[in-house]
Amino acid sequence: MSAPATAPGAAVHDSGKRRMAMIRNMVLAAGLLLASVPCAAAPGVDAASFDVLGSMMETRRAQINSADILESNKEEAIRYREKVIAGWWEFMQARSGARPGEYCAASFLRGKRVKRERVDGISNGVVVTLFGPGGGYRGALLGFSPLTQEHAFPRLGNGTPVRVTLRQGNLQPATLNAIYAQTSATAPPMLLFAVPSIEALLAGMEDDWHFEVIYQGASIAEIAWHDGLKARDALKRCLAGGGGHG
């Protein structure tokens, strides 16, 4: 007996389900998919939104300079230097006084070892930060900042739109709009990329991931994180109102 014929509608339905599953798997495999949206599509993204992060970054730069010079406390400076080279996550609400679930942020900090005759140092320090919604901006953001004094970031006005190329993992490079932000006159600058939603950002996180930011043909930031899934879970706790400390 021949097999019963498949109804045309059922075949179309099955084909549609397979196509949607394939698209979903492609999206998840793509890692952190960023929206190539105009900078104007990210209202409320300004330096004042990141006061806690800016304070932390200024402190970290001071610590790294101390670790580099090794003048105050040699053992402590060496421990800090090795921590920077290994890379680690920090969690916070990036704006002081934020309500539970608002301005949740996770930052991964890392620098590269520089071999010197007298003592090793640190160079090319970078911070990559994931921001959840806050204030009038209900999307998410992916930000990059220099961690050490010597860096190739451009010097632009706060809030200036800037076109850069972003490399992620093994994906094809994408040229995107970013926002240039600076929390204070002494804080390091940030380049912020708009992401459609915090759900999209979290769904695309990988445990190990690599980024490179290219501006006017030159690499200005390169960093690889580890323990991305633990960071994702800490961000989820913050977004659920559990605070910013993971």
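Which condition from (1) part of a loop (DSSP other than H, G, I, E, B); (2) more than 30 Å from A187 (Cβ to Cβ); (3) at pLDDT below 50 is the one that E117 breaks?
The failed condition is (3).
Out of segment 206-244, which residues are open to solvent by less than 10 Å² (accessible area, probe 1.4 Å) and in a loop (DSSP other than H, G, I, E, B)?
Answer for segment 206-244, where residues must be open to solvent by less than 10 Å² (accessible area, probe 1.4 Å) and in a loop (DSSP other than H, G, I, E, B): just G244.
Does L141 satisfy the condition of being farther than 14 Å from G125 by Cα, in a strand (DSSP E or B) and either of a type outside the set (F, W, Y) or modelled with pLDDT under 90 (or both)? Quick ask: steps written out before the conclusion?
Values: farther than 14 Å from G125 by Cα: yes; in a strand (DSSP E or B): yes; either of a type outside the set (F, W, Y) or modelled with pLDDT under 90 (or both): yes.
Yes; evaluated as a whole, the condition is true for this residue.
Could you go through segment 181-195 and let me know if any residue there is within 20 Å of L239 (Cβ to Cβ), open to solvent by 10 Å² or more (accessible area, probe 1.4 Å), within 14 Å of the chain's Cα centre (by Cα) and not acidic (D, E).
First, pick out the residues of segment 181-195 that are within 20 Å of L239 (Cβ to Cβ): 192-195.
Those still in the list that are open to solvent by 10 Å² or more (accessible area, probe 1.4 Å) too: 194.
Cutting the leftovers down to within 14 Å of the chain's Cα centre (by Cα) gives us 194.
Checking which are not acidic (D, E) leaves us with 194.
Scanning segment 181-195, I find at least one residue that is within 20 Å of L239 (Cβ to Cβ), open to solvent by 10 Å² or more (accessible area, probe 1.4 Å), within 14 Å of the chain's Cα centre (by Cα) and not acidic (D, E), so the answer is yes.
Suppose we filter segment 140-160 for residues that are open to solvent by 40 Å² or more (accessible area, probe 1.4 Å), touching a residue at least 60 places away in the same chain (Cβ under 8 Å) and touching a strand residue (DSSP E or B) at 6+ places or on another chain (Cβ under 6 Å); how many remain?
Number of matching residues: 2.
Answer with yes or no whether N124 is open to solvent by 10 Å² or more (accessible area, probe 1.4 Å), closer than 26 Å to A218 by Cβ, out of contact with any helix residue (DSSP H, G or I) (no Cβ under 8 Å at 6 or more places or on another chain) and not hydroxyl-bearing (S, T, Y).
yes
I'd like to know if segment 222-230 contains one or more residues that are closer than 24 Å to R95 by Cα and of a type in the set (K, R). Spell out the reasoning first.
Taking segment 222-230 as the starting set, the residues that turn out to be closer than 24 Å to R95 by Cα are 225, 228-230.
Then drop every residue that is not of a type in the set (K, R), which leaves 230.
Within segment 222-230, one or more residues are closer than 24 Å to R95 by Cα and of a type in the set (K, R).
Just to be sure, is R113 in contact (Cβ under 8 Å) with a residue 12 or more places away in the chain, farther than 28 Å from G241 by Cβ, surrounded by fewer than 22 Cβ atoms within 10 Å (Cβ to Cβ) and basic (K, R)? Full working, then the answer.
Working: in contact (Cβ under 8 Å) with a residue 12 or more places away in the chain: yes; farther than 28 Å from G241 by Cβ: yes; surrounded by fewer than 22 Cβ atoms within 10 Å (Cβ to Cβ): yes; basic (K, R): yes.
Against the criterion (in contact (Cβ under 8 Å) with a residue 12 or more places away in the chain, farther than 28 Å from G241 by Cβ, surrounded by fewer than 22 Cβ atoms within 10 Å (Cβ to Cβ) and basic (K, R)), R113 qualifies.
Of all the residues that make up segment 212-235, how many are in contact with a Gly (Cβ under 9 Å, 6 or more places away or on another chain) and over 24 Å from V52 (Cα atoms)?
0
Every residue, every condition in (1) assigned to a strand (DSSP E or B); (2) open to solvent by 50 Å² or more (accessible area, probe 1.4 Å); (3) out of contact with any strand residue (DSSP E or B) (no Cβ under 7 Å at 6 or more places or on another chain), yes or no:
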site	(1), (2), (3)
G54	no, no, yes
R60	no, no, no
I64	no, no, no
E76	no, yes, yes
Y80	no, no, yes
V84	no, no, no
W89	yes, no, no
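The values are calculated or read from the model by the stated rules, or taken from the named source; none is laboratory data. All figures in this text were calculated on a predicted structure; none of them were measured in a lab. Quick reminder, even Gly has a Cβ in these numbers, built from the backbone with ideal geometry, and neighbours come from all protein chains shown. Ligands, DNA and RNA are stripped out before the accessible areas are found, and what is left, the full protein with its side chains, is counted by its heavy atoms. Shrake-Rupley method; radii C 1.70, N 1.55, O 1.52, S 1.80 Å.
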